[in-house]
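A short reminder: the numbers here are calculations on the coordinates, not readings from a lab. Given the structure is predicted, the values throughout are model-derived calculations rather than measurements. Virtual Cβ from ideal backbone geometry, glycine too; neighbours counted across all protein chains shown.
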Amino acid sequence: MAVTTAETTAPATKNRPRFFAMQNWWGVLWVLPSVLAVMLFVYGFIGWTARVSVSAWKGLEADYTYVGIDNFQGLASDPRFDIDIQNTAIFTVVFVLGCLIIGLGLAILLDKGIRAEGFFRSLFLFPMAISFIVTGVVWRWLMNPAQGDRLSGLNLVFDKLGLDFLINQWHGTPTWGIAAVAIPAVWQMSGYTMALYLAGLRAVPESLREAARVDGASELQVYRKVVMKLIRPVTLSAIIILGHISLKVFDLIVAMAGKQVALDVPSIYMWTTTFDGLFYGRGAAIGIVLLLSVAVLVIPYLWYTLRQERDV
């Protein structure tokens, strides 16, 4: 009878799911504080922001009176928010395209095996280590729109070189000032894009390039018809990351030009609406719009990445 009991219980113990093993429980205990912190300080605050976005909260005293989508409708009819969307679109196009073009060009140069490659790679990556606040302060002087005797920065350099046609108002231009603000962002993040592209270029087998050259392809055709097609996932990743950054830009613009309406973007509007105007319901609605905009970029990228890993 004892033998029978042992024989029937042994398989049950042996086939117990590995999740219940003691070492797995130790792993769960180690990551549990981080999981709880993320649930509280990320998803908890997202939920609270969503709750405030459909409330009538305006002023220092909390008011959670449900108003539905009134705050979102107010944004849709707000001329300032239209300016924000337009500025964000211009900034994103200039920023993303600038980083992709310059980053790819730098990566191709380094991929050719130039001398002191390590030095140049570090040099191009260095701006990324600087915060947007510092970048904004430096480029505020370089792009000083002052004219006449108050010329400084790049405008002064252009004046000394006799390139007066290049002297301009930079971020002081009403319509395209936001494009000038994107230039420092391109300077800062091009090195990061270069690193992404360089890793992708180094992963392309040299045998494929040699086969294309044997078939009579020029070096330009090798890159255009072989290499660029193989590094499309790198380009997609760069677009997603840079687009995500452009949607949240705040400190760079404030450091360079302050809170000018002509250079307004949703993040600045959210700040002024919430903390200057004390309209917490409207500010939370702007935050939700930003969250959904980022999700539109990130979720397809995560889906694509998981699908690629599953196929492999």
- Message: Over the chain, what is the relative contact order in percent, taking alpha-carbon pairs closer than 8 angstrom and at least six residues apart?
- Response: 27
- Under the Karplus curve 6.51 cos²θ - 1.76 cosθ + 1.60, θ = phi - 60°, whole-Hz ³J(HN,Hα) for the stretch 26-38, x wherever Gly or Pro sits: 5, x, 4, 5, 5, 8, 4, x, 5, 4, 5, 5, 5
- Note on the structure: The answer for S55, listing residues at least 5 apart or on another chain whose modeled amide H is closer than 5 Å to its amide H, is V67
- Pop out the ³J(HN,Hα) list for the stretch 156-166 in order, Karplus 6.51 cos²θ - 1.76 cosθ + 1.60 with θ = phi - 60°, rounded to Hz; leave Gly and Pro as x. 5, 4, 4, 5, 5, 8, x, 9, 4, 5, 8
- Provide the gained length on full extension for the span K112 to A217, in nm with one decimal, where the gain is 0.36 nm per separating residue minus the Cα-Cα distance. 36.1 nm
- Step through the residues of the stretch 87-99 one at a time and calculate ³J(HN,Hα) from phi using the Karplus curve (6.51 cos²θ - 1.76 cosθ + 1.60, θ = phi - 60°), rounding each to whole Hz and writing x for Gly and Pro. 5, 5, 5, 5, 4, 5, 4, 5, 5, 5, 5, x, 5
- the stretch 118-206: trypsin sites (Lys or Arg not before Pro) in DSSP loop, at most 13 other beta carbons within 10 Å: none
- Query: When the helices in the chain are scored as -39500 (n - 2.57) per DSSP H run of 4 or longer and the sum is shared across all residues, what 222 nm value do you end up with, to the nearest 500 deg cm²/dmol?
  - Reply: -21500 deg cm²/dmol
- Item | Pairwise centroid distance, computed over Cα atoms, of the stretch 216-248 with the stretch 111-170, Å | 26
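Could you state the orientation-averaged shadow area of the convex hull built on the Cα atoms of the chain, in nm² to one decimal? Kindly include the intermediate steps, with their values, before the conclusion.
Numbers: hull surface 115.3 nm².
Approximately 28.8 nm², given one-decimal rounding.
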- 16 Å Cα-Cα reach of K112 towards aspartates and glutamates, excluding residues that sit fewer than 8 places from it in its own chain: E206, E210, E219
